[in-house]
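The values are calculated or read from the model by the stated rules, or taken from the named source; none is laboratory data. Small disclaimer: the values here were computed from a predicted structure and weren't measured. So basically every Cβ, Gly included, is an ideal-geometry build from the backbone, and we count neighbours across all protein chains shown.
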Ligand code: SAH
Ligand code: MG
């Protein structure tokens with residue numbers, strides 16, 4: 001696959017952004033997005049958070065003359081709620097008393113100069129998937145980490161991946177000591193379907209190409 005790397009200013013914007021995507025995995029995501037961008041179809045992400053990974057998809061989409069679509073209800077995953085391991089109190093809307101990552105996300109994209117290349121969809125992944133009917137060049141699953149959410153993301157979005165397009169899954173940990181197992185189970189499910197062939201592994205980031213029917 002292509003090993004495209006982002007321009008220094010894009011990499012700097014990515015590194016400065018709040019979020020959960022390490023640099024090595026971000027570079028693999030970027031290379032996948034450039035590869036998939038050749039299909040000329042939108043690149044879709046589930047799990048925007050503050051836009052860190054969105055920067056990479058947006059820049060690849062810009063280069064390919066398409067758009068990045070990013071889906072999130074912006075209320076945070078289970079592990080990001082108050083009292084949990086990944087909670088950031090700076091991301092709570094004091095009026096509502098709940099997480100709201102949308103304002104930070106918008107600043108991230110504005111700062112990176114990428115607003116025009118992104119469609120931000122605020123909503124729950126399965127509800128958005130139900131109304132989304134057009135084909136996608138890439139689906140990046142980085143949303144909720146329960147089996148319910150991870151399977152919902154796979155079932156909702158994987159069927160939309162065009163032939164030759166890519167399915168990218170984050171937080172795949174074969175060893176339970178390293179992290180939750182739901183993304184790993186979805187990764188195995190995708191391979192077991194026969195519709196995908198793995199093309200790269202970078203830490204917990206897996207890139208699969210759609211090579212057949214029957215997702
Ligand atoms: N890609 C981000 C990290 C995403 S964190 C980065 O690079 O930093 C996971 C995000 O998924 C959270 O913002 C959470 O609100 C969102 N999320 C979890 N379950 C969801 C669902 N069912 N629908 C939409 N968004 C969801
Ligand atoms: Mg993740």
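Before moving on, here are some points about what is shown:
- Of all residues in the stretch 22-32, one or more are in contact (Cβ under 8 Å) with a residue 24 or more places away in the chain, out of contact with any strand residue (DSSP E or B) (no Cβ under 9 Å at 6 or more places or on another chain), crowded, with 24+ Cβ neighbours inside 10 Å and closer than 20 Å to residue 198 by Cβ.
- Where residue 209 falls short, out of the listed (1) touching a helix residue (DSSP H, G or I) at 6+ places or on another chain (Cβ under 8 Å); (2) assigned to a strand (DSSP E or B): (1)
- Filter result for the condition that a residue is within 14 Å of the chain's Cα centre (by Cα), more than 9 Å from ligand 1 (Cβ to nearest atom) and without any contact (Cβ under 8 Å) to a residue 60 or more places away in the chain, over 61, 120: 61
- Hits in the stretch 123-149 (condition: near ligand 1 (Cβ under 9 Å from one of its atoms) and in contact (Cβ under 8 Å) with a residue 12 or more places away in the chain): 123, 124, 125, 126, 128, 140, 142, 143, 144, 145, 146, 149
- Among the residues of the stretch 5-22, those that are more than 21 Å from residue 80 (Cβ to Cβ) and either at pLDDT below 95 or out of contact with any helix residue (DSSP H, G or I) (no Cβ under 6 Å at 6 or more places or on another chain) (or both) comprise 5, 7, 8, 9, 11, 12.
- Filter pass, residue 70 being modelled with pLDDT of 95 or more, under 12 Å from the mean Cα position of the chain (by Cα) and buried (at least 16 other Cβ atoms within 10 Å of the Cβ): yes
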